[in-house]
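Here is the structure we will look at.
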Amino acid sequence: LALYFHIGEREEKCIIEDLPSDTLVVGNYKVQRWDIHKHDFLESAPGLGMFVTVSTPTGEVILSKLYGSQGTFSFTSYLSGEHIICFQSNSTRLLAIAGSKL
């Protein structure tokens with residue numbers, strides 16, 4: 001599964017994946033900051049990181065970790081059902097700033 005989405009700098013985006021039990025899930029990601037002057041995404045986002053949180057079908061949090069601007073996260077489902085995988089940047093900028101999208 002490949003996803004590409006825009007997210008505000010402090011906005012949380014979640015996806016729901018229906019997983020069988022005992023399944024290793026590996027996610028690779030890259031955060032890019034929108035450059036309002038170039039009207040393009042910058043290749044790197046220095047200092048930006050991504051909080052990744054994963055919840056089981058019963059609501060138990062099995063992963064909650066801050067990663068860098070590019071990386072890999074992984075977890076193993078121990079229950080079958082819908083797992084919620086959420087992403088939020090560690091940006092300290094305010095949402096009101098124009099062009100604050102990732």
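Tabulated values for the structure
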quantity: Of all accessible heavy-atom area on the chain, the percent that carbon and sulfur account for (1.4 Å); calculated: 54 percent
quantity: Debye intensity ratio in log₁₀ form over the Cα atoms of the chain, taken at each q of 0.11, 0.14, 0.22 Å⁻¹; calculated: -0.36, -0.56, -1.14
quantity: Cα-centred dipole magnitude for the stretch 31-84, charges only on beta-carbon of K, R (+1) and D, E (-1), debye, nearest 20; calculated: 120 debye
quantity: The stretch 12-89 - accessible surface per residue (Å², probe 1.4 Å); calculated: 59 Å²
quantity: The chain: Lys pairs at Cα distance under 19 angstrom, eight or more positions apart or on different chains; calculated: 6
quantity: Amide H within-cut-off set for F41, under 5 Å, with H built and near neighbours excluded; calculated: D35
quantity: Residue (of G27, H37, Y78) at the positive-pole extreme of the chain, dipole from beta-carbon charges; calculated: H37
quantity: Normalised contact order of the chain, rounded percent, pairs of Cα under 8 Å and 6 or more residues apart; calculated: 44 percent
quantity: Karplus (6.51, -1.76, 1.60) ³J(HN,Hα), θ = phi - 60°, over the stretch 13-19, in Hz, Gly and Pro reported as x; calculated: 10, 10, 10, 10, 10, 7, 10
quantity: Other-chain or far-sequence residues with amide H under 5 Å of L63's (modelled H); calculated: V54
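The values are calculated or read from the model by the stated rules, or taken from the named source; none is laboratory data. None of the values given here were measured: they were computed from a predicted structure. All Cβ positions, glycine included, derive from the backbone under ideal geometry; neighbour counts span all protein chains shown. These area figures cover heavy atoms from the full protein model, side chains too; ligands, DNA and RNA do not enter into them. Shrake-Rupley method; radii C 1.70, N 1.55, O 1.52, S 1.80 Å.
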